Every structure is written in structure tokens, then in C-alpha cells.
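One structure is given here, and the rest of the page talks about it.
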């Protein structure tokens, strides 16, 4: 018998959060309806922005320590 490996990529927490925000924005429900599209799509781009900030701060600290 062969063992098959199953990999379930899934959508993830941030993907589900984005879909919830998108649904609420398009349906005009709650405070999300008044949010800017930047905030509705934040679960998609915010982790990348946070990683970029961390890398920049790390680079600055690393360059200062070389002096």
C-alpha cells in the first residue's frame, strides 16, 4: 500500500478576514461599509509592509553596529 501525502494549502486566517471585510464593505453592513479600501484590503498587504519595516530597521541597526 502506498501512502499518499496530502497537502492542504488552505486560505488562512488573513484570507478569511479579507473575505469577511470585503463582503461587509460590498453589502454596506456595519462600520466596515465606511472604511477606506486600504483598510478593507489591509489583511492582504499589511504582513508584507510589516516585514519590509522589520527588514529596514534590521538593516539600519546592523549598519550602525558596524561603525
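Diffusion coefficient (Stokes-Einstein, Kirkwood radius over C-alpha pairs, 37 °C, 0.692 mPa s) for the chain: 216 µm²/s, rounded to a whole number. GNM remark for the chain: springs join alpha carbons under 10 Å apart, and the peak mean-square fluctuation among 51, 42, 33 falls on 51. Full extension of the chain segment joining residue 66 with residue 16 gains 13.7 nm, where the gain is 0.36 nm per residue of separation less the Cα-Cα distance.
If you average the alpha carbon positions of segment 7-36 and of segment 40-60, how far apart do those two centres end up, in angstrom? First find each Cα centre; the distance between them is then 20 Å.
Every number in this text was worked out from the coordinates using simple rules, so none of it is lab data. All figures in this text were calculated on a predicted structure; none of them were measured in a lab.
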